[in-house]
Amino acid sequence: MSEKLLEFLEFAINGLNTGILYGLVAIGYTMVYGIIKLINFAHGEVCMLGIMMTYTLIGLFYGSEAAAIGLLPFVIFVGVAAVIDGGLGIGLDIVAYKPLRNASRLSALITAIGMSLLLQNLAVLIWGAQPATPSFPEWLNEPMVLIGGTVPISYMAVIIWVSTIISMVMLYLVVMKTKLGTAMRACSQNSTAAALMGVQLDKVVGATFFIGSVFAAFAGIAVAMNKGSYDYQIGLYIGLVAFAAAVLGGIGNIPGAMLGGVIIGVVESLAVGYVDYIPHPASFLSADYAHLKISTGYKEGVGFLVLIVILLFRPQGLLGSKGGDRA
Amino acid sequence: MSAAPKAAPVFAKKPGRVSETQSFLILLGVLMLVPFVTPAGLYGPALSIGSFTLIYLIAAQALNLQVGYTGLLNLGAVAFVGIGGYTAGILLAVPGGHKAAIYDVVALKDGQQCLSVSKDGSVRLWDIASGSQLRAYRVNRKSLKSMALSPDGKLVAAGGEGRRVFVWDFDSGELKNQSEEFQKPITALCFSADSQSLMVGHDDGLVQVLPVSSLSGKKLEGHYMPVRQLLRGSQPGQFYSVAEDRTVRLWDSLAGRQLKEWKNIKNGVRSMALFKDGERAILGLSSREAVLFNLKTSAVEHRYVTHGAAIEHVALSPDESQLLIGSRDKTTSLWTLGEPKLECKLEGHLEAVTAAVFSHSGKKILTCSTDRSVRLFSLKGEQEQILPVSTWALVAFYKRNLPSFSGNSRWMFFFLDPHFLAYMTVTPVAMLAAALMGLAIGVPTLRLRGDYFAIVTLGFAQIFQLIVRNEEWLTGGPSGLKGLPAIFSFAEGPDSIAFFRDTGHYFLGVFFFAITLLVMLRIRDSRMGRAFMAIRDDELAAQSNGIQLSRYKIYSFLISAMLAALAGIVQVSRVKIISPTDLLFWESILYLCCIVFGGLGSIKGAVFGAVLIGSLGEVMRQVLSNYPAVPAQARYIAFAVVLIVVMRYKPEGLFPAADEELERGTRERDRHKDVTPSLFTIGAKHGAA
């Protein structure tokens, strides 16, 4: 394979890896939205809390030797933290959103923003504002295969792909084949009618929050490992991008969320990789500005840019259906 | 749904009560009186809080027009405030000179001219007295880090991130030669005494000796961290290098080998100045101190400690009696060497000082900084000249063409004040820029509703923040635009009138707030306002009654953006800085909080909410900073809790718009039914139907 192609492949694979993680977080947004029509703005913070709790647990048991943690204990800790995080998601629903089920959607959205602000600042109080380095088995980041001799695919990437496929299949089975899933789908079509048919709305919503939060916790850990650092603000960034991913795919649609995440991840990575080829608009103005280049700092905005462009042409998102209240 | 457009309001004033208009006039009067009743000692903090609150008052009303009147949940309001502030800032202080950080400066002709090298990819020759640029040596698309002037004065060499060395002819400015691309960025340059070869230091510690004619040559290995400076030794062919790896090395460029090495210096060495006898040197360290280092005994003979951050540059005066230390803490210190004594600190730079040098006679000092300026100081520490960072072109224009006044009552002619007129000139332009941005956000989002609309506006605001953060050449990057003019010429400088120093920006705020209030009141009671509210209450019904949705939504964007821009201008006049930290996502949310507390769509409510959040927040911040035991987060946690509680128990806010309508004698309305405007129109009350 030519060098150019390999380079492209590397950017694309990196993008796919982060994109999958955005997609996993986006699933939480999209499921909650599908059922109670609420943008759970605090979802990013739930994701952040998942990371924080994992490392609190690891710190508790391993202390200063956290860097030497093995794979099995690491996975166990992440699992335990994810389950606690799932509980936290349910708690968030009960405390903040349940009382507002019949209130206007603006009230609920503002409450969600308030919860986001609250959780972020509580996290600063508990864990401090300093960025920390996540400890995990180092070999996870080493390449397992080298495509064409240069493009590495790490163990981490393979684990993410495999576990994402498994969890997506499981999620599909839960939503399509179980009683709970049927209830979820019923609620998302018409929650009042579903409740009249005997579906316990609160339980369904609770289960949704649980699933979304667990996914978010897993994805959050992986994002922190990719990034090499985490702090209380990591949730805000993941949350915003994941939300853009959910809207891009068509909010309320689970495969759409994953698709949106992958698209944003890949475009983001390609944009950063090929940024040097894009001339800076001001460099045409005068020789004074000829040194200007497009900064890689725009990475965080790529998700929104893709979202805005796509919404111009498909206001309901890629896989969304043209519902009454969606534009 | 049956929300027809409202009938024209009938002002059925109840006897014995103040009308709404009267109460707002009273409010404005009280605001105007505040500076006169505040005790003089409290001017600074009180009016700082005052104008901070005014920013919120204006921004909240502007957002109220969108969220409260029209039902467009804009989560990116801060971008409108920001573009207003930035447009005003850029126009008031037009960026000039270097477009990015300056890394080194060389004094020429006894401090009458100088050369500066900048990250923007140019070396520039300046005439210092006039502040004009005589010549520029440029490389396209490559940032520069270091430069050197050949001892015979004929060549200028520079290099940097672009990994090439460029050599120009000093007089003609013509590029004579450039090297191959090296492995690593270039961090230091120095000519040999005969101007025939060039020593080059790299980011990875490699040092090279290149003949000027070919620009390719020997590699000298030894350093393993960035080389910070190279300087000629006392013997021909010898030169010293200092590096971050805590060593100083002496090399023989002719033989191409290392002669000597001084290890175990306490910290990374940033800079070195050599005494003529070649026995002692001054080393500037990354640990905030410079040391007098004996090269014979490797002993530290004295420490010069005064700076609060790493040392960037040290220089000796030509007679070796004085020492300059430039530091990252934005200051330069001048020392007498014999009996070490700190003479003075040269202050004025807004960012890290990257180099400080004496003129040939030793009577002037030149410093440069990442703030894009070169400053000329006297030996007493007085700043004599700044080479242009930005020019107050507008202010200067009015100064030239208008009569000037003096004396303590010159404030009475404030309407002829050049600063004030400059502000008044940029205000409409800033509003126009904001309106254009409103259009840019409004048109693509026309078809979006509810949550989709909210998230896209949020996205626009985030992208705007990224632009401001990354386009350093225009917006100053993360540190923002600094050194903007004050609102009145008599509010600034040594001969300012004390009263206006602290109150000028406040009066501007009150003036703009009055405009905002007027606009909001007039719109509410106009055809346009009723169209807005009809759209808010039910888009379909509004449309079927002949209201053009897209037209009125765009109006809402335009007017709201223009009003918000006023808040940005108040912000500029208040702190004379505008930076991306003013554009954080949470600011939009706080504006939203203001109107939600007060009650959506209610002017009175937004006033109340802004006073509460703006002043209380700022007071809490100032008071809390005195109690280190209370974490700074307490303020945000308090906001969050109040927000959640208000939504839970009084979601219609403290002054619901519906009440206001009742008071104004409009159509009776069932107060218990549907008080909160249902923003998300059709689907809102019917779930996913």
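Can you work out which of the residues in the stretch B:348-378 that are among the polar types (S, T, N, Q) and assigned to a loop (DSSP other than H, G, I, E, B) is nearest to the chain's Cα centre (by Cα)? First the steps, then the outcome.
Here is the first cut: in the stretch B:348-378, the residues among the polar types (S, T, N, Q) are B:354, B:359, B:361, B:367, B:369-370, B:373, B:378.
With the extra rule that they be assigned to a loop (DSSP other than H, G, I, E, B), the set shrinks to B:359, B:361, B:370, B:373.
Numbers: B:S359: 32, B:S361: 37, B:T370: 13, B:S373: 15 Å.
Ranking the candidates gives B:T370 first.
Quick one: which helices (runs of 4 or more DSSP H) lie wholly within the stretch B:379-486 and hold at least 1 residues that are within 30 Å of B:I325 (Cα to Cα) and out of contact with any helix residue (DSSP H, G or I) (no Cβ under 7 Å at 6 or more places or on another chain)?
Numbers: elements: B:393-401, B:418-442, B:450-470, B:472-475.
Qualifying helices (runs of 4 or more DSSP H): B:472-475.
Could you say which residue among B:A129, B:A88, B:A136, B:A158 is modelled with pLDDT of 90 or more and not in a helix (DSSP H, G or I)? Give the derivation first.
Numbers: B:A129 fails: modelled with pLDDT of 90 or more; B:A88 fails: not in a helix (DSSP H, G or I); B:A136 fails: modelled with pLDDT of 90 or more.
Answer to the selection: B:A158.
Looking at A:G23, A:G44 in this structure, which one is crowded, with 22+ Cβ neighbours inside 10 Å, under 23 Å from A:A246 (Cβ atoms), more than 14 Å from chain B (Cβ to nearest Cβ) and in contact (Cβ under 8 Å) with a residue 60 or more places away in the chain?
Numbers: A:G44 fails: more than 14 Å from chain B (Cβ to nearest Cβ).
That would be A:G23, the only listed residue that is crowded, with 22+ Cβ neighbours inside 10 Å, under 23 Å from A:A246 (Cβ atoms), more than 14 Å from chain B (Cβ to nearest Cβ) and in contact (Cβ under 8 Å) with a residue 60 or more places away in the chain.
Give all pairs with beta carbons closer than 7 Å in which a residue from the stretch A:137-158 that is more than 22 Å from A:K4 (Cα to Cα) meets a residue that is part of a loop (DSSP other than H, G, I, E, B) and not aliphatic (A, V, I, L, M); count only pairs at least 6 apart in sequence or on separate chains.
A:P137/A:G70; A:Y155/A:E142
If A:V266 satisfies every condition in (1) modelled with pLDDT of 95 or more; (2) more than 26 Å from A:L305 (Cβ to Cβ) but one, which is the exception?
Here A:V266 meets the rest and fails (2).
Would a scan of the stretch A:103-117 turn up a residue that is farther than 22 Å from B:F453 by Cα and either of a type outside the set (A, V, I, L, M, F, W, C) or within 8 Å of chain B (Cβ to nearest Cβ) (or both)?
At the first step, the residues of the stretch A:103-117 found to be farther than 22 Å from B:F453 by Cα are none.
Checked against the condition, which is being farther than 22 Å from B:F453 by Cα and either of a type outside the set (A, V, I, L, M, F, W, C) or within 8 Å of chain B (Cβ to nearest Cβ) (or both), the stretch A:103-117 yields no hits at all.
Assuming A:V275 fulfils every condition listed in (1) at the interface with another protein chain (Cβ under 8 Å from one of its Cβ atoms); (2) at pLDDT below 90; (3) out of contact with any Pro (no Cβ under 6 Å at 6 or more places or on another chain) apart from one, which condition is it?
If we test A:V275 against (1) at the interface with another protein chain (Cβ under 8 Å from one of its Cβ atoms); (2) at pLDDT below 90; (3) out of contact with any Pro (no Cβ under 6 Å at 6 or more places or on another chain), just (1) comes out false.
Please find, within the stretch B:455-468, the residue that is farthest from A:R314 (Cα to Cα) out of those that are more than 7 Å from chain A (Cβ to nearest Cβ) and in contact (Cβ under 8 Å) with a residue 24 or more places away in the chain.
Going through the stretch B:455-468, the residues more than 7 Å from chain A (Cβ to nearest Cβ) turn out to be B:457-458, B:460-461, B:464-465, B:467-468.
From what's left, in contact (Cβ under 8 Å) with a residue 24 or more places away in the chain: B:457-458, B:460-461, B:464-465, B:468.
Working: B:T457: 17, B:L458: 19, B:F460: 18, B:A461: 21, B:F464: 23, B:Q465: 26, B:V468: 29 Å.
Here the residue is B:V468.
Across the stretch A:287-306, which residue is farthest from B:A100 (Cα to Cα) among those that are of a type in the set (A, V, I, L, M) and more than 7 Å from chain B (Cβ to nearest Cβ)? Quick ask: steps written out before the conclusion?
Narrowing the stretch A:287-306 to residues of a type in the set (A, V, I, L, M): A:287, A:290, A:292, A:294, A:302, A:305-306.
With the extra rule that they be more than 7 Å from chain B (Cβ to nearest Cβ), the set shrinks to A:294, A:302, A:306.
On the way: A:I294: 15, A:V302: 25, A:V306: 30 Å.
So the residue we want is A:V306.
Tell me which of these B:V167 doesn't satisfy, since it passes every other one: (1) touching a residue at least 40 places away in the same chain (Cβ under 8 Å); (2) farther than 21 Å from B:P151 by Cβ.
(2)
Answer yes or no: is there a residue in the stretch A:217-235 that is more than 13 Å from every other protein chain (Cβ to nearest Cβ), in contact with a Phe, Trp or Tyr (Cβ under 9 Å, 6 or more places away or on another chain) and among the charged types (D, E, K, R). Walk me through how you get there before you give the answer.
The first filter runs over the stretch A:217-235 and keeps only residues more than 13 Å from every other protein chain (Cβ to nearest Cβ), leaving A:217-231, A:234.
From what is left, the residues that are in contact with a Phe, Trp or Tyr (Cβ under 9 Å, 6 or more places away or on another chain) are A:219-221, A:223-225, A:230-231.
Narrowing the set further to residues that are among the charged types (D, E, K, R) leaves A:231.
Scanning the stretch A:217-235 turns up at least one residue that is more than 13 Å from every other protein chain (Cβ to nearest Cβ), in contact with a Phe, Trp or Tyr (Cβ under 9 Å, 6 or more places away or on another chain) and among the charged types (D, E, K, R).
So which helices (runs of 4 or more DSSP H) are wholly in the stretch A:143-258 and hold at least 2 residues that are among the basic types (K, R)?
Numbers: elements: A:155-177, A:179-189, A:191-196, A:201-227, A:234-249.
Correct list: A:179-189, A:201-227.
Within the stretch A:58-74, work out how many residues are assigned to a helix (DSSP H, G or I) and surrounded by 15 or more Cβ atoms within 10 Å (Cβ to Cβ). Break it down into steps so the answer makes sense when it comes.
Looking only at the stretch A:58-74, we keep the residues that are assigned to a helix (DSSP H, G or I), and these are A:58-68, A:71-74.
Among the residues that remain, those that are also surrounded by 15 or more Cβ atoms within 10 Å (Cβ to Cβ) are: A:58, A:62, A:66, A:74.
Here the count works out to 4.
Restricting attention to the stretch B:516-526, which residues are in a helix (DSSP H, G or I) and over 27 Å from the mean Cα position of the chain (by Cα)? It would help to see each step written out before you state the result.
Filtering the stretch B:516-526 down to residues in a helix (DSSP H, G or I) leaves B:516-524.
Listed by number, the residues that qualify are B:L517, B:L518, B:V519, B:M520, B:L521, B:R522, B:I523, B:R524.
Scan the stretch B:262-282 for residues that are of a type in the set (G, A, S) and part of a strand (DSSP E or B) and report the count. Don't jump to the end; show me each part of the working.
Let us first name the residues in the stretch B:262-282 that are of a type in the set (G, A, S), namely B:268, B:271, B:273, B:278, B:281.
Still in the list and also part of a strand (DSSP E or B): B:271, B:273, B:281.
The qualifying residues number 3.
In the stretch A:312-321, what count of residues is obtained for those that are within 7 Å of chain B (Cβ to nearest Cβ) and surrounded by 16 or more Cβ atoms within 10 Å (Cβ to Cβ)? Break it down stepwise before answering.
In the first step, residues of the stretch A:312-321 are kept if they are within 7 Å of chain B (Cβ to nearest Cβ); the result is A:312, A:315.
From the residues that got through so far, the ones that are surrounded by 16 or more Cβ atoms within 10 Å (Cβ to Cβ) too are A:315.
So the count comes out to 1.
A:G261 - would you say it is modelled with pLDDT under 95, in contact with a Gly (Cβ under 9 Å, 6 or more places away or on another chain) and more than 9 Å from every other protein chain (Cβ to nearest Cβ)? Outline the logic, then answer.
On the way: modelled with pLDDT under 95: no; in contact with a Gly (Cβ under 9 Å, 6 or more places away or on another chain): yes; more than 9 Å from every other protein chain (Cβ to nearest Cβ): yes.
No: the conditions fail for A:G261.
Going by the structure shown, is B:T445 touching a strand residue (DSSP E or B) at 6+ places or on another chain (Cβ under 7 Å), buried (at least 21 other Cβ atoms within 10 Å of the Cβ) and within 14 Å of chain A (Cβ to nearest Cβ)?
Numbers: touching a strand residue (DSSP E or B) at 6+ places or on another chain (Cβ under 7 Å): no; buried (at least 21 other Cβ atoms within 10 Å of the Cβ): yes; within 14 Å of chain A (Cβ to nearest Cβ): yes.
No; evaluated as a whole, the condition is false for this residue.
Do you know which residues across the stretch B:210-240 are closer than 24 Å to B:E312 by Cα and among the aliphatic types (A, V, I, L, M)?
Correct list: B:M225, B:V227, B:L230, B:L231.
Assess whether B:F239 counts as being in contact (Cβ under 8 Å) with a residue 40 or more places away in the chain and of a type in the set (F, W, Y).
Numbers: in contact (Cβ under 8 Å) with a residue 40 or more places away in the chain: yes; of a type in the set (F, W, Y): yes.
Considered against the rule, which asks whether it is in contact (Cβ under 8 Å) with a residue 40 or more places away in the chain and of a type in the set (F, W, Y), B:F239 comes out as yes.
For A:G91, work out the one condition from (1) within 25 Å of B:L590 (Cβ to Cβ); (2) more than 9 Å from chain B (Cβ to nearest Cβ); (3) small (G, A, S); (4) under 21 Å from the mean Cα position of the chain (by Cα) it doesn't fulfil.
That leaves (1) as the condition not met.
Could you tell me how many of the residues in the stretch A:33-57 are over 17 Å from A:F218 (Cβ atoms), part of a helix (DSSP H, G or I) and under 19 Å from the mean Cα position of the chain (by Cα)?
Final tally of qualifying residues: 3.
Residues to consider are B:S122, B:S23; find the one that is buried (at least 20 other Cβ atoms within 10 Å of the Cβ) and over 29 Å from B:I463 (Cα atoms). Spell out the reasoning first.
Details: B:S23 fails: buried (at least 20 other Cβ atoms within 10 Å of the Cβ).
Only one candidate passes the filter, namely B:S122.
In the stretch B:530-640, which helices (runs of 4 or more DSSP H) lie fully inside it and hold 3 or more residues that are within 12 Å of another protein chain (Cβ to nearest Cβ)? Break it down into steps so the answer makes sense when it comes.
Values: elements: B:539-544, B:549-575, B:585-598, B:603-610, B:617-624.
Hits in the stretch B:530-640: B:585-598.
Taking the condition of being in contact (Cβ under 8 Å) with a residue 24 or more places away in the chain and of a type outside the set (G, A, S), how many residues in the stretch A:238-292 meet it?
Residues in the stretch A:238-292 being in contact (Cβ under 8 Å) with a residue 24 or more places away in the chain and of a type outside the set (G, A, S): 21 in total.
Could you identify the single residue in A:V309, A:V247, A:V241 that is surrounded by fewer than 22 Cβ atoms within 10 Å (Cβ to Cβ) and either closer than 28 Å to A:Q120 by Cβ or within 12 Å of chain B (Cβ to nearest Cβ) (or both)? Don't jump to the end; show me each part of the working.
Details: A:V247 fails: surrounded by fewer than 22 Cβ atoms within 10 Å (Cβ to Cβ); A:V241 fails: surrounded by fewer than 22 Cβ atoms within 10 Å (Cβ to Cβ).
Exactly one residue qualifies, and that residue is A:V309.
So which residues in the stretch B:312-333 are in contact with an Asp or Glu (Cβ under 7 Å, 6 or more places away or on another chain) and closer than 17 Å to B:N267 by Cα?
Within the stretch B:312-333, B:G326, B:S327, B:R328 meet the criteria.
The values are calculated or read from the model by the stated rules, or taken from the named source; none is laboratory data. Computed from a predicted structure; not experimentally measured. All Cβ positions, even for glycine, are placed from backbone atoms using ideal geometry, and neighbour counts span all protein chains on display.
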